[in-house]
Amino acid sequence: MQTNMKLLVLYQARNSALDQPGYYDGFERLVREGLLDAHAGIPVFGVAEESGWNGLWAEAERTARHMQADAIFLQFFHAAMPDPTEGIRRLKNLPNGPTLFTSMGDGFGRWFRGIPKSFFVASAFADVSFLTGMGDQARQLQGSGSNNLVLMPHGCCQVRFSSQQIPQSEHPEFDVCFVGNRLRPRNLVGHEYWGARKRGDLVQRFTRRYGRRFALFGNGWNGNSSWQGPVPYQDQQKAYRRSAVVLGGMPGVYHDYYTSDREFIAIASGVPFVDYWVRGVEQILKPGRDWWLARRPAEMFSWCDHFLDIASYDRIRLGEEAREQVLRKHTQYHRCKEMIEIARSIRIARLSGRRAAQPTLSFLSRSCATSPARDAIVRWEG
């Protein structure tokens, strides 16, 4: 049985196309390619602020009925909101029996800043939940009744960050660049507090080592001699390309396989990217080809110095090859396509009275896709 779907997306946005351009463009592209029959988007925050939360669910139900949606996506569904149980149930129980899927875009703790109730509810209703990190987060969701949990990393927004770049300079303005805000969480026992402390310590180490050849961008670094001021989100690649090497810094979130969108945006700048290792991420992007991973600051220094020592031609070539790899398989368009293919396989199986087969994820390294590690990335009931 072959079936395409009419997709309704409840975007984590005030304006779907402006706030989530990579995902909006990705689903629209799938319509043009014939992998979706239709796509409609509702900006959750924009509608809720104008019409209230009851108004949001009423509009979602009206839209789904009108377009006869057979797939509904609750995108990054972990904002503060009233209990969404009744609204999601109304969508799930529509006559067309839509396949429901949701996604998590942040990393949450267990005891502090835990997974919001809205996501627990959405995930329990969903036919499949896509997570940007596994490990403890997946175990918590399984324990609360969620089925079919699948790793789905962030990606590079192809609308904002995939345009052709000006050729990289053989003599860039800076040696090393870091883009990131200085965070100041106050909860001394939360993971965010210790992640912020590690980031601050790392920035100080790089400031001491590289001095004014270290370019530090972001808010909150006043007084640091390397600080270049804040940079708008959409302009961060311009900052990266002023440097020979890009530093990822401390991730702040250490869930298995977790990456933010920062990694993909930085690599797509075409500048070699040195980052901190998190368990499993080497299965998503290949070390030594896409990025260069370190487990401690001293290893970060070694990788940065390595790129500063090699011929500029080789450094530029490595950065450009990594960029092409990200744009080839790690944009938000690619994530949209993979989620749709998985949701469609679930729908086809259930319409046929079967359990859906466990998906094989295209972004994983070949060894991971066929090894026991796969069970840590996909937790599947069918």
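The values are calculated or read from the model by the stated rules, or taken from the named source; none is laboratory data. Not measured: the values here are computed from a predicted model. Quick reminder, even Gly has a Cβ in these numbers, built from the backbone with ideal geometry, and neighbours come from all protein chains shown.
In summary, helices (runs of 4 or more DSSP H) completely within the stretch 265-375 and bearing 3 or more residues that are within 15 Å of GLY155 (Cβ to Cβ) occur at 312-329, 332-351. If you scan the stretch 1-39, which residues turn out to be over 22 Å from the mean Cα position of the chain (by Cα) and not aliphatic (A, V, I, L, M)? Correct list: GLN2, THR3, ASN4, LYS6, ARG32, GLU33, GLY34, ASP37. Can you find a residue that is touching a residue at least 40 places away in the same chain (Cβ under 8 Å), buried (at least 16 other Cβ atoms within 10 Å of the Cβ), closer than 24 Å to GLY135 by Cα and not assigned by TED's automatic domain parsing to the domain that holds GLY26 anywhere in the stretch 285-297? Yes: the stretch 285-297 contains one or more residues that are touching a residue at least 40 places away in the same chain (Cβ under 8 Å), buried (at least 16 other Cβ atoms within 10 Å of the Cβ), closer than 24 Å to GLY135 by Cα and not assigned by TED's automatic domain parsing to the domain that holds GLY26. Return a yes/no flag: does the stretch 246-264 have any residue that is of a type in the set (Gly, Ala, Ser), assigned by TED's automatic domain parsing to the domain that holds ASP175 and modelled with pLDDT of 95 or more. Checking the stretch 246-264: not a single residue is of a type in the set (Gly, Ala, Ser), assigned by TED's automatic domain parsing to the domain that holds ASP175 and modelled with pLDDT of 95 or more. Restricting ARG323, ARG315 to residues that are closer than 22 Å to GLN234 by Cβ and either surrounded by 21 or more Cβ atoms within 10 Å (Cβ to Cβ) or touching a Cys at 6+ places or on another chain (Cβ under 9 Å) (or both) narrows the list to ARG323. The helices (runs of 4 or more DSSP H) located wholly in the stretch 125-234 that include 1 or more residues which are free of Cβ contacts under 8 Å to residues at least 12 places away in the same chain and within 24 Å of the chain's Cα centre (by Cα) occupy 136-143, 191-210.
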